[in-house]
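Novice: Following this message is one structure expressed as structure tokens.
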């Protein structure tokens, strides 16, 4: 059984992989990449919900910190969601410049967001929720995306 | 556990790194002008006043400014480092360093003790202020990764080269240039290139290549050992150089092998990168790895030519490797910072990073820069290549300044409008 930190870190890598597949396909043909873009968007959305609805909620409840780091991470999720919407719009408009301009920004934003989570927030979460770790991983496994 | 580094508040204000970034190409332009008006024979001698002045306009004014600006930005955002009073430190050290750099130019060129003394005070105060603040910032980092550890080692080398630099400058003030002066000058330059800049670039590349280009991650051996091995190599080189000069080439081979390996690794990582997008920054990284490989190779073979080619080595490594990486970094970091800060303030409908800088102009800038480097190398054999190369270099720096000013103008213009969202709840 993996820890919360390992579970979410592995999930980041999965999203990175889908991002790379999506960009690769888009570089060949933007119109053919719609399915890959949708896969990436869905998986990233699922990851955000794992964090927001399960891990952050448990962390906030346990520590009472609702305005701290989880609030900032939620804010960055909002930024990423807006960029993902732009990506889908770019596909619909068949706008190559808009797609790669957005994907560039999204890539850097996501990577620095992941780095903050993996290097600071996840260790913090793991420390506070070590006893509930198994239960939280089960909850993440059974989450249905809204 | 502290929560440093997780809020956008932790990122220093845009002005902190940007003032360094926008000033750097101006020093590049100044250096280009000086090269244009200097004769080739003076530039062939690494210890001529002209060579020293031009080198320092580029190493302090251009490279140093970009590296220090990047450190003040990257350490808080990526590592949660808490640099004390970043705005005051950045502004004060910036003013000291500019005064120091310009005074050094006037002081050395005109053999004027007053200017050289001002340079001594300005550069000493400016560097110690910003390096100490960065060192304090690094001490606050709770989860030290290989990049931050490398930055810490690089900063230690920076302190050493500043001490040595001040000693060398004092030699010009007191008019006491002994053989020790030239020995220290050699150590100062090798530690600056490989210890400060080299280690910093290697450490930052551990994060930047996977982050910006989705290149494969560096192996644990590279991330955990290489910086230490290079540091030991530099200390060994110092020891041999001081006491057993005839064996110093062993340490040179040691250092060259690892930098050659780094050049090859960068090239391979770009081949294996998952992002198909190729922009001018990829070209800069690729050309940097070629110039680095050529540079270290020549540094070794130069032993057998009695250091006849040392200025060419400096051109290949300083210009071709370090300058290329710094310019490439500027093209990525400036648009991202503008986007990041505007977005955090609630401006959502802004151009993407890619749209902020004209692609054609950045390519022209790259080609001019590349042409100038090749020209400088040929001017060792054909002096008539020097002036056109200096012109190309100056032009490339003017275009670089224009290119990176565009995102800042967009930032200023956008800030005058109303944001799409009220972000006060996140402040």
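Any read-out appearing in this document is the output of simple, stated calculations on the displayed coordinates, not a laboratory observation. Being a predicted model, the structure only gives us computed values, none of them experimental. Note: ideal-geometry Cβ built from the backbone for every residue, glycine included; neighbour counts use all protein chains shown.
Novice: In whole Å and largest first, what semi-axes does the C-alpha gyration tensor of the range B:22-94 yield when each eigenvalue is scaled by 5 and square-rooted?
Specialist: Rounded to whole Å, the semi-axes are 33, 11, 10.
Novice: If eta is 0.692 mPa s and T is 37 °C, what Stokes-Einstein diffusion coefficient results for the range A:4-141, Kirkwood Rh from Cα pairs, in µm²/s?
Specialist: 210
Novice: Using only the alpha carbons, work out the radius of gyration and Dmax of the range B:259-300 in angstrom.
Specialist: Cα-based Rg and Dmax for the range B:259-300 come out at 11.0, 36 Å.
Novice: With a cut-off of 8 Å between alpha carbons and a minimum separation of six or more residues, what is the relative contact order of chain B in percent?
Specialist: Result for chain B is 17 percent.
Novice: Next question. Sequence gap at least 6, Cα distance under 8 Å: using those rules, report the relative contact order of chain A to the nearest whole percent. Each step should come with its number before you reach the end.
Specialist: Details: 101 pairs, mean separation 55.4, N = 146.
It rounds to 38 percent for chain A.
Novice: Can you classify the range B:124-261 as rounded, prolate or oblate using the Cα gyration tensor, where a ≥ b ≥ c are the square roots of its eigenvalues, rounded means a/c under 1.5, and otherwise it's prolate if a/b beats b/c and oblate if not? Write out the running numbers ahead of the final one.
Specialist: Working: a/c = 2.66, a/b = 1.41, b/c = 1.89.
Since a/c reaches 1.5 but b/c is at least a/b, the shape of the range B:124-261 is classed as oblate.
Novice: To continue, here is another question. In Å, what Kirkwood hydrodynamic radius results for the range B:136-178 from the alpha-carbon pair distances?
Specialist: Result for the range B:136-178 stands at 12.3 Å.
Novice: Please give the helix B:199-213 orientation as an angle from the longest Cα principal axis of chain B, in degrees from 0 to 90, rounded to the nearest 10.
Specialist: It is inclined by approximately 40 degrees.
Novice: What base-10 log of the normalised intensity I(q)/I(0) is obtained for chain B from the Debye formula, alpha carbons as equal point scatterers, at q = 0.07, 0.10, 0.14 Å⁻¹?
Specialist: -0.32, -0.68, -1.43
Novice: Can I ask one more? Hey, what's the Kirkwood Rh for the range B:231-333 if you take every pair of different alpha carbons, in angstrom?
Specialist: For the range B:231-333, inverting the mean 1/r across all distinct Cα pairs yields 14.7 Å.
Novice: What list do you get for B:109, A:41 if you sort them by fewest beta carbons within 10 Å?
Specialist: B:109, A:41
Novice: Also, I was wondering about something else. If you rank B:384, A:134, B:401 by fewest surrounding Cβ atoms within 10 Å, what's the result?
Specialist: On the way: B:384 10, A:134 13, B:401 19.
Placing the least packed residue first, the sequence is B:384, A:134, B:401.
Novice: May I ask for the angle, rounded to the nearest 10°, between helix B:179-190 and the longest principal axis of chain B, with both axes built from Cα atoms and the value confined to 0 to 90°?
Specialist: The answer is roughly 30 degrees.
Novice: Report, in degrees rounded to the nearest 10, the 0 to 90 angle that the Cα long axis of helix B:324-344 makes with the longest principal axis of chain B.
Specialist: Between the helix axis and the principal axis of chain B, the angle is about 20 degrees.
Novice: Still on this structure, I have one more. Take the alpha carbon atoms of the range B:129-181, find their center, do the same for the range B:320-384, and report the distance between the two centers in whole angstrom.
Specialist: Using only Cα atoms, the two centres lie 27 Å from each other.
Novice: Averaged across the residues of A:95-106, what count of C-beta atoms belonging to other chains lies within 10 Å of each residue's C-beta?
Specialist: Values: counts 0, 0, 4, 4, 2, 6, 7, 4, 5, 12, 12, 2.
That works out to 5 on average.
Novice: How big is the protein assembly as shown along each principal axis, measuring the range of its Cα positions in Å and listing the largest first?
Specialist: 75, 48, 44
Novice: Also, I was wondering about something else. To the nearest whole number, what is the average tally of beta carbon atoms from other chains within 10 Å of the beta carbons of peptide A:110-121?
Specialist: For peptide A:110-121, the averaged partner shielding equals 5.
Novice: Kirkwood hydrodynamic radius, computed over distinct alpha-carbon pairs, for the range B:55-170: how many Å, to one decimal?
Specialist: 14.5
Novice: Next question. Largest first and in whole Å, give the semi-axes of the range A:99-146's equivalent ellipsoid, each being the square root of 5 times a Cα gyration tensor eigenvalue. If you can, show how the numbers build up before the last one.
Specialist: Numbers: eigenvalues 163, 56, 5 Å².
After diagonalising the Cα gyration tensor, the semi-axes are 29, 17, 5 Å.
Novice: Using Cα springs under 10 Å in a Gaussian network model of chain B, which residue among B:341, B:307, B:143 shows the largest mean-square fluctuation?
Specialist: Most flexible of the set in this elastic network: B:143.
Novice: How many angstrom lie between the C-alpha centres of the range A:2-68 and the range B:234-281?
Specialist: Here the answer is 37 Å between Cα centres.
Novice: Which of B:21, B:392, B:249 ends up with the largest GNM mean-square fluctuation for chain B, with Cα atoms connected below 10 Å?
Specialist: B:249
Novice: Where does each of B:77, B:296 land when they are ranked from fewest to most other beta-carbon atoms within 10 angstrom?
Specialist: Numbers: B:77 18, B:296 27.
In increasing order of surrounding Cβ atoms, one gets B:77, B:296.
Novice: Across peptide A:22-29, what mean number of C-beta atoms from other chains lies inside 10 Å of a residue's C-beta?
Specialist: 2
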